[in-house]
Amino acid sequence: MENFKPMLFTCMKNYSKEQLVKDIVSGIIVAIIALPLSIALALASGVGPEPGLYTAIVAGFLISFFGGSSVQIAGPTAAFATIVAGIIATDGMDGLVVATVMAGIILIILGIVKAGALIKFIPYTITTGFTAGIAVTILIGQFKDFFGVDFRGAKPIETMDKLKAFFDNIDTLNWQATLVGVVCLLILILWPKVSAKIPGSIIAVFVGIAMVKGLGLKVNTIGDLYTLSSAAPKFSLPNLSLGMIRNEMPNAFTIAILAAIESLLSAVVADGMVNSKHRSNQELIAQGIGNIGSVLFGGIPATGAIARTAANIKNGGRTPIAGMVHSVTLLLILVILMPYAAFIPMPCIAAILFQVAYNMCQWRPFVRLVKFAPKSDIIVLVLTFVLTVVFDLVVAIEWGMIVACILFIKRMSEETHVNGWTYQSDDAEFVDDLRPVAKEIRVFEITGPLFFGVSDVVANSINVKDFTKVLIIRMRSVPAIDVTALRALRDLVERAEKKGIKVVFSHVNEQPRKMMEKADFISIVGEENFQPNIDAAIDRAESIIKQ
């Protein structure tokens, strides 16, 4: 049951006053970092600024409380921005709530069935491809606000439509907005060299407000576009219908997969920084609980945030208390200071999201993969990236996994070979490195896994001569077999028996043997015709010849 025990309860066993102080300080600092990010990511997701804070408050608290990582900080992240914006645009907030609640249920189920380790089966090329694609979509989505372009009433949803609308209306570019955006972006880039303690995003916000208000610049602010509220998160249920549940199922799976991948990756990174080990299944359960709680209290999907988690660790946070303090601090900021968020310029928000996009784009791993990875991996990488940008994340993950599986099957099929032993002349004995073999005995060795992708190899590569009396199939290098390949072996045995040829199997490994036992294949061939090694198999073949 230790796998399903929240890390908070484990940490409390040896908790000290000194660590409490460190956790409180770290939680407050992380909240200051999360404040502008939460607002920016909410706006990028197609909702108002408050849902971003609601997410960090509710999901952040629940995931820290129930989580399987001692230092994970959860909240809205860039990975969800495009998928959330698409759901909001087509199905509204009700659609998002339904999709996220279903995603939360999926995450809880994955945790209960101990599927935390299954996330490793998502290829690195796919995660790199869609992460880079998300970064590009966020970047393109912020062109409008960064340059102050007026779309003249158009509200494009797809990334390519946003890019087209931007260039179609480039004549409305606002140089004052661009100036604010450039200054804020420079601050975000250069400020870490001045101070690592104070977040550059906070400085950029203050400078952006000062520029717009002090210089009287005609630049849109959050208050110009949104009506802000200082109200705390309130519980509400969506308008449910069977049709909506059915329509949102693909989005639910996408949100669940993203939440699982990003949270567990963040937890792994955190483990390396604090020399600990997270409980992946409990973390999935916590992610499910956190996401359900978030949207039912007016938030958006959440997951573990690597940057905020790293900031928590660097500032001394070592238990889930820090994440809970971060949520409480944001709640106080929401209730007391939210009206002042109306002064934040939209180009400043765009600049913050530009930096988020750059930090998540992983262009170095992307370029490295393109240079050194096999062609099949490059195909999956580029395909996932392009589909994410041109279409959406659902399409990208679906086709990325399909193509990755097909290419993997092809690659594995190329690793399976059937080799026959050779002989020197017509009247000489067959020879191998181990021992000579009688002329009437034909030996073939199979190397590699036997599965549906290579089942034809058995039929096409194993042939016998007219004088053959015994066929030995050496399987020491066959680690696994599936039903299709086993059927091919059964057909081989039946064809051999029609010709009066006995088949002997040598060194059948554990998994193939279990499959053969379940399929009653061993009783058909005869237990005596399954030998532990090639010497025993040849002895058996020679005894058959003498009969």
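The values are calculated or read from the model by the stated rules, or taken from the named source; none is laboratory data. Just so it is clear, the structure is predicted and the values come from calculations on it, not from any experiment. Positions of Cβ are backbone-derived with ideal geometry, glycine not excepted, and every protein chain shown enters the neighbour counts.
Suppose we filter Ala259, Ala267 for residues that are touching a His at 6+ places or on another chain (Cβ under 6 Å), in contact (Cβ under 8 Å) with a residue 12 or more places away in the chain, in a helix (DSSP H, G or I) and buried (at least 22 other Cβ atoms within 10 Å of the Cβ); which single one remains?
Every option except Ala267 fails the conditions.
Looking at Ile534 and the list (1) more than 17 Å from Ser455 (Cβ to Cβ); (2) at pLDDT 90 or above, which single condition is not satisfied?
Tallying (1) more than 17 Å from Ser455 (Cβ to Cβ); (2) at pLDDT 90 or above, Ile534 fails exactly one: (2).
Please indicate, with yes or no, whether at least one residue in the stretch 448-457 is exposed (fewer than 13 other Cβ atoms within 10 Å of the Cβ) and either at pLDDT 80 or above or farther than 30 Å from Thr384 by Cα (or both).
No.
Across the stretch 223-253, which residue is farthest from Pro345 (Cα to Cα) among those that are modelled with pLDDT under 90 and among the polar types (S, T, N, Q)?
Ser241
Residues being among the β-branched types (Val, Ile, Thr) and part of a helix (DSSP H, G or I): count how many of those fall in the stretch 287-306.
4
Looking at the stretch 503-522 only, could you name the residues that are over 17 Å from Asp491 (Cβ atoms) and in a helix (DSSP H, G or I)?
Answer for the stretch 503-522, where residues must be over 17 Å from Asp491 (Cβ atoms) and in a helix (DSSP H, G or I): Glu510, Gln511, Arg513, Lys514, Glu517, Lys518.
Which one of Val325, Val394, Val389, Val335 is assigned to a helix (DSSP H, G or I), at pLDDT below 85 and within 30 Å of Tyr54 (Cα to Cα)?
The match here is Val394.
Failed condition for Met244, given (1) assigned to a loop (DSSP other than H, G, I, E, B); (2) in contact (Cβ under 8 Å) with a residue 40 or more places away in the chain; (3) of a type outside the set (Lys, Arg), with all others met?
Of (1) assigned to a loop (DSSP other than H, G, I, E, B); (2) in contact (Cβ under 8 Å) with a residue 40 or more places away in the chain; (3) of a type outside the set (Lys, Arg), only one is false for Met244: (1).
Take Ile157 and decide whether it is touching a helix residue (DSSP H, G or I) at 6+ places or on another chain (Cβ under 9 Å), under 26 Å from Ser294 (Cα atoms) and not assigned by TED's automatic domain parsing to the domain that holds Lys218.
yes
Taking the condition free of Cβ contacts under 8 Å to residues at least 24 places away in the same chain and in a helix (DSSP H, G or I), does Leu284 pass?
no
Which residue out of Ile189, Ile203, Ile138 is at pLDDT below 90, surrounded by 13 or more Cβ atoms within 10 Å (Cβ to Cβ), of a type in the set (A, V, I, L, M, F, W, C) and under 26 Å from Lys314 (Cβ atoms)?
The match here is Ile138.
Within the stretch 338-360, take every residue that is touching a Leu at 6+ places or on another chain (Cβ under 8 Å) and β-branched (Val, Ile, Thr) and give me the one that is surrounded by the fewest Cβ atoms within 10 Å (Cβ to Cβ).
Among those that are touching a Leu at 6+ places or on another chain (Cβ under 8 Å) and β-branched (Val, Ile, Thr), it is Val356.
So Ala85 ticks every box in (1) more than 28 Å from Ala307 (Cβ to Cβ); (2) in a helix (DSSP H, G or I) but one. Which box is left unticked?
(1)
What about Val25, is it over 30 Å from Leu242 (Cβ atoms), free of Cβ contacts under 8 Å to residues at least 24 places away in the same chain, part of a helix (DSSP H, G or I) and out of contact with any His (no Cβ under 9 Å at 6 or more places or on another chain)?
Criteria not met by Val25.
Of Phe467, Phe452, which residue is closer than 28 Å to Cys405 by Cβ and in the same structural domain as Asp535 (by TED's automatic domain parsing)?
Just a single option satisfies the conditions, and that option is Phe452.
Taking the condition of being buried (at least 24 other Cβ atoms within 10 Å of the Cβ) and not β-branched (Val, Ile, Thr), how many residues in the stretch 299-333 meet it?
14
Looking at the stretch 472-488, I want the residues that are within 8 Å of Leu450 (Cα to Cα) and have a partner that is buried (at least 21 other Cβ atoms within 10 Å of the Cβ) and among the hydrophobic types (A, V, I, L, M, F, W, C) with Cβ atoms under 6 Å, at least 6 apart or on another chain. Which pairs are those?
Listed pairs, sorted by first residue: Val478/Ile446; Val478/Leu450; Ile481/Leu450; Ala485/Leu450.
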